[in-house]
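The values are calculated or read from the model by the stated rules, or taken from the named source; none is laboratory data. Computed from a prediction, not measured in an experiment: that's the story for all the values here. Quick reminder, even Gly has a Cβ in these numbers, built from the backbone with ideal geometry, and neighbours come from all protein chains shown. Side chains included, ligands, DNA and RNA excluded: accessible areas come from the protein's heavy atoms. Shrake-Rupley method; radii C 1.70, N 1.55, O 1.52, S 1.80 Å.
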Amino acid sequence: MAVLGQGYVGLPLALRAAELGHRVVGYDVDEERARTLAAGTSPLEDVSDDRLAALLASNGYRASYQAGDLEGFDVAVIAVPTPVGADRAPDLGYVEAATRTLAVHLRPGALVVLESTTYPGTTRKVGRILEEVSGLAVGRDFHLAYSPERIDPGNRVWTLEATPKLVAGIDAASSGAALAFYQDLVAELVPVADVETAELAKLLENTTRAVNIALVNEVTPFCRALGVSVWDVVAAAGTKPYGHLAHRPGPGVGGHCLPVDSLYLSWAAGQVSGRRLALVDLACQVNETMPAYVVARLEQALTKRGIGLAGAKVLLLGLAYKADSGDVRESPAAAVAGLLTGRGAQVWAADPHVPDERRTDHRFAGHRPAAADARTVAAADAVVLLADHAAFDYELITRNASYLLDCRGRLPLSERVEAL
Ligand code: SAJ
């Protein structure tokens, strides 16, 4: 079988299938990634080198960037990125390219499954490309299904195997083939009526989360004006054992899931029904205002200390989009850094999970990499906690910071430590 895309979704799936006896080609267009994998080095914290090496040695798994290695696949899973373009509309470029590559090697009787998060209609579009390139007929000559990925990097409880998996075929035979493929890979399969339902369910899962986060983000300035801690309000509401799902404010909603999936959902609604989802678009806007709110709070605090934002030395802690991650995609830290340098602040940033070479967002351009050590913390006019990595020494930081704005509600408050 083949898995196209060897990232945080495709690689765990490929190795799991190999461990269950499939002979798997892990295909990636990134030659460097394919070579690294072939050499036994895992690019993922969730996949050990030992596990990879064992499957390479047993020939259960093979990494490749050569499309010819896809020849003769019986099952192929497409797990490539589905970002938004500069126009904030879905960009299916990776999906279409992977599909065209795969189609050349499509043979009768094969099963193709799309796992990438996408808008309703994409799986059928994949089917049309497969037909166009191969000359085969979807349904009649090959099976086609959709099964959205639910990989949560770093989650040791809800692993690939443990997380219920939605599966929908474009017809009954395709559903059957896909269910047969996944049944040994995951503990619980959830057959779904059709591919559009499965595509939409995945978008709804993540958009629900983004909208709920937007609600607590929107309530944050109100709590501040009221003179109450939004963190106390959230914690108190969170004690309700039914009908309430606690979410926490933050400096913004990053990652390649929530902000992107919300845009896919609203865009799709606009395309199909002529009307985007106003609530979802507003939630995205609210989440996108949080970096400016963080900077406004910082400016208030510095002004109170007789320090103007222009020229102020600000140390950012955590550039990743969330704690204990090294992923900076859509990270609100980039927006905060850009706003601060735009206002003339001198910005330092410490993030042990994000090496300098990954700070490529243009808004990081004006900042200086730093360590969260006592001297650096003490030298800053203000410290801002954006991603609350476990790796930070919070006792040292709070002891040495002249002012700290905690955007994650993690630290005890004092006259030098404030929270959103
Ligand atoms: N965030 C908040 N407040 C919250 C929760 C998250 O501000 O209460 C922020 C995070 O800091 C981050 C962004 O939202 O910037 C997204 O955080 P996330 O915890 O949702 O993490 P993701 O983006 O990795 O989301 C993934 C999703 N999983 C899949 O799509 C398979 C999401 O459905 C999961 O709920 C989430 O992981 C998870 O629970 O870890």
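Can you find, within the range 68-116, the residue that is farthest from Asp171 (Cα to Cα) among those that are of a type in the set (Ser, Thr, Tyr) and part of a loop (DSSP other than H, G, I, E, B)?
Restricting to residues being of a type in the set (Ser, Thr, Tyr) and part of a loop (DSSP other than H, G, I, E, B), the top hit is Thr82.
Hey, any hits in the range 297-311 for a residue that's assigned by TED's automatic domain parsing to the domain that holds Leu411, modelled with pLDDT of 95 or more, within 12 Å of the ligand (Cβ to nearest atom) and open to solvent by less than 40 Å² (accessible area, probe 1.4 Å)?
Within the range 297-311, none of the residues are assigned by TED's automatic domain parsing to the domain that holds Leu411, modelled with pLDDT of 95 or more, within 12 Å of the ligand (Cβ to nearest atom) and open to solvent by less than 40 Å² (accessible area, probe 1.4 Å).
Scan the range 124-133 and tell me whether some residue there is more than 21 Å from Leu258 (Cβ to Cβ), modelled with pLDDT under 95 and in contact with a Lys or Arg (Cβ under 7 Å, 6 or more places away or on another chain).
no
Determine which member of the set Leu413, Leu396 is among the aliphatic types (A, V, I, L, M), surrounded by fewer than 21 Cβ atoms within 10 Å (Cβ to Cβ) and assigned to a loop (DSSP other than H, G, I, E, B).
That would be Leu413, the only listed residue that is among the aliphatic types (A, V, I, L, M), surrounded by fewer than 21 Cβ atoms within 10 Å (Cβ to Cβ) and assigned to a loop (DSSP other than H, G, I, E, B).
Does Leu204 satisfy the criteria of being over 17 Å from the mean Cα position of the chain (by Cα), within 16 Å of the ligand (Cβ to nearest atom), in the same structural domain as Cys407 (by TED's automatic domain parsing) and surrounded by fewer than 20 Cβ atoms within 10 Å (Cβ to Cβ)?
No; evaluated as a whole, the condition is false for this residue.
Quick check on this structure: which one of Ala17, Ala97, Ala63 is hydrophobic (A, V, I, L, M, F, W, C), open to solvent by 50 Å² or more (accessible area, probe 1.4 Å) and modelled with pLDDT of 95 or more?
Ala97
Restricting attention to the range 312-337, which residues are among the hydroxyl-bearing types (Ser, Thr, Tyr) and either under 18 Å from Thr376 (Cβ atoms) or open to solvent by 10 Å² or more (accessible area, probe 1.4 Å) (or both)?
Matches in the range 312-337: Tyr321, Ser325.
Looking at Val233, Val228, Val280 in this structure, which one is out of contact with any Pro (no Cβ under 9 Å at 6 or more places or on another chain), without any contact (Cβ under 8 Å) to a residue 12 or more places away in the chain and β-branched (Val, Ile, Thr)?
Val228
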